Amino acid sequence: RIPVIFDTDPGIDDALALALLACHPRFELLAVTAVFGNGPVDITTRNARGLTALFGRDIPVAAGAPGPLRDERRRADAAHVHGDDGLGGLSASLPAPTRPLDARPSDQLICDLVNERPGEITLVAVGPFTNLALALRRDPTIAAKVKQVVVMGGAFGLRGHAGNVTPVAEANIMADPEAADQVFTAPWPVTIVGLDVTQEAIMRESELAKLRGRGQGAGDLLWLATRHYQQFYDARDGIGGIYAHDASAAAILLVPDAFTLRAGPVRVVLEGIATGQTIQDWRGEHGSQTPWSGHPAQQVCVEVDAARVLALFDEIF
Ligand code: BDR
Ligand code: CA
């Protein structure tokens, strides 16, 4: 089984990713660390606790960063996409948490668990990357002890896919560009699952409907929550379903050969009209002094076999 810490801002597509991580037999979900993003951190934390209980996992859940590293970056939240409660109005239907909130902040819980099992743990991060940046700041040695980091975030302009907050910026990056840049340039292996592939992973209404009646209420709740999310995407993109953004980051661990990767250092634009843009230097040995040279080659997803990602939802509950 793959030991994972899930860093998240639930969030409707976060809930689908958590369903995979909590319920697929090939994952060993160790903890959930919440961060601001799709709502304020008190809301995302409450959702993380309720969803963890819904999926039957009695594991630590911690509250994390309430905002970006640079406070002036704060922006309006994503209520128009995920609802005022982050879950399309369904958060009141979640079961009560089975254990108290972990006393540690998210970044400390991450450091503690990684130090307990050096070389073993994968971090899956699908919200703003503030908790990960704070964990690196708290204990830089974790970079060498984490097995790998998989993130949902970024937009690399492939196959006509643009950003979703600005023409070039994706939401998780835009929410804290400094944190994203620190995470991508740290000496740990990062795989970046951006909009270029997650917008190819469309879960159509008929596939979402298959969740109904499964998982002792969990499937029904996911189906109902995705009604809100689908309305947003139907109005914006007319896709007849939703993008499985965050679930794609979980999926790459189970079906890695469904994704095509491209290697090279990745930086985030921190100022100006392109703030939040993610740019990879995939040209190889160019030798010039650029903002990319000297940074680790990370993996960016450039193609996906979406059917294989979506089929994983048949393997849970
Ligand atoms: C990302 O932003 C959030 O709204 C989603 O949960 C996902 O993590 C997509 O840009
Ligand atoms: Ca998310």
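Can you tell me how much longer the chain between ASP234 and THR141 gets when fully stretched, taken as 0.36 nm per residue apart minus their C-alpha distance, in nm with one decimal?
Numbers: separation 93, 0.36 × 93 = 33.48 nm, distance 4.44 nm.
Here the answer is 29.0 nm.
Highest GNM mean-square fluctuation, the chain, Cα pairs closer than 10 Å: which of ALA258, ALA155, ALA175?
Result: ALA258 has the largest fluctuation of those listed.
Taking the chain as a Gaussian network, Cα atoms linked when under 10 Å apart, which of GLY215, GLY238, GLY119 shows the biggest mean-square fluctuation?
GLY238
If I model a spin label as a point 7 Å beyond the Cα along the Cα-Cβ vector, how far apart are those points for ALA92 and GLU116 in nm?
3.6 nm
Which of ASP14, ASP246, ASP71 ends up with the largest GNM mean-square fluctuation for the chain, with Cα atoms connected below 10 Å?
Taking springs between Cα atoms under 10 Å, the residue moving most is ASP71.
With no solvent and one point per C-alpha, what does the Debye sum give as log10 I(q)/I(0) for the chain at q = 0.14 Å⁻¹?
These q points yield log10 I(q)/I(0) values of -1.02.
Going by amide H atoms built from the backbone, whose H comes under 5 Å of the H on GLN277, apart from near neighbours?
VAL269
Could you please state, rounded to a whole Å, how far the C-alpha centre of region 123-190 is from the C-alpha centre of region 40-67?
Between the Cα centres of region 123-190 and region 40-67 lies a distance of 20 Å.
Please say if region 72-216 is rounded, prolate or oblate, where rounded means a/c under 1.5 for a ≥ b ≥ c the square roots of the C-alpha gyration tensor eigenvalues, and otherwise the choice is prolate for a/b larger than b/c and oblate otherwise? Walk me through the numbers on the way to the answer.
Working: a/c = 1.61, a/b = 1.17, b/c = 1.37.
Oblate, because a/c is 1.5 or more while a/b does not exceed b/c.
Taking the Cα-to-Cβ direction at ASP257 and at ASP314 and moving 7 Å from each Cα, how far apart do the two end points lie in nm?
Spacing of the two 7 Å Cα→Cβ label points: 1.8 nm.
Rounded to the nearest 0.05, what FRET efficiency do ARG204 and ILE273 have when you use their Cβ-Cβ distance and R0 = 35 Å?
Working: r = 35 Å, r/R0 = 1.00.
That pair, ARG204 with ILE273, gives E of 0.50.
Packing-wise, with mean Cβ within 10 Å as the measure, how do 2-13, 260-271 rank, highest first?
Packing proxy ranking, top to bottom: 2-13, 260-271.
Could you work out how much longer the chain between GLU285 and ALA103 gets when fully extended? Use 0.36 nm per residue separation minus the Cα distance between them, nm to one decimal. Walk me through the intermediate numbers first.
Details: separation 182, 0.36 × 182 = 65.52 nm, distance 4.64 nm.
My answer for the length gained is 60.9 nm.
Taking amide hydrogens as modeled 1.01 Å from N in the peptide plane, which residues meet the under 5 Å criterion relative to VAL150, leaving out close sequence neighbours?
LEU123, VAL124, ALA125, THR191
Just how many % of Cα pairs in region 145-246 lie over 20 Å apart, if you round to the nearest whole percent?
Working: 2512 of 5151 pairs.
Everything past 20 Å amounts to 49 percent.
With θ set to phi - 60° and the Karplus curve 6.51 cos²θ - 1.76 cosθ + 1.60, what are the ³J(HN,Hα) couplings of region 143-158 in order, to the nearest whole Hz, using x for Gly and Pro?
4, 7, 9, 7, 5, 6, 10, 10, 10, 9, x, x, 8, 10, x, 8
Using the Karplus equation 6.51 cos²θ - 1.76 cosθ + 1.60 (θ = phi - 60°), what ³J(HN,Hα) coupling, rounded to whole Hz, does each residue of region 16-28 give in order, writing x for Gly and Pro?
The phi angles translate into 5, 5, 5, 4, 5, 5, 7, 10, 6, x, 8, 9, 10 Hz.
For region 260-317, which semi-axes, largest first and in whole Å, follow from the square roots of 5 times the eigenvalues of its Cα gyration tensor?
Details: eigenvalues 198, 49, 15 Å².
Equivalent ellipsoid semi-axes, largest first: 31, 16, 9 Å.
Each reported figure results from applying straightforward, stated rules to the coordinates on display, with no laboratory input. None of the values given here were measured: they were computed from a predicted structure. Cβ sites come from the backbone with ideal geometry, for glycine too, and all protein chains shown count toward neighbours.
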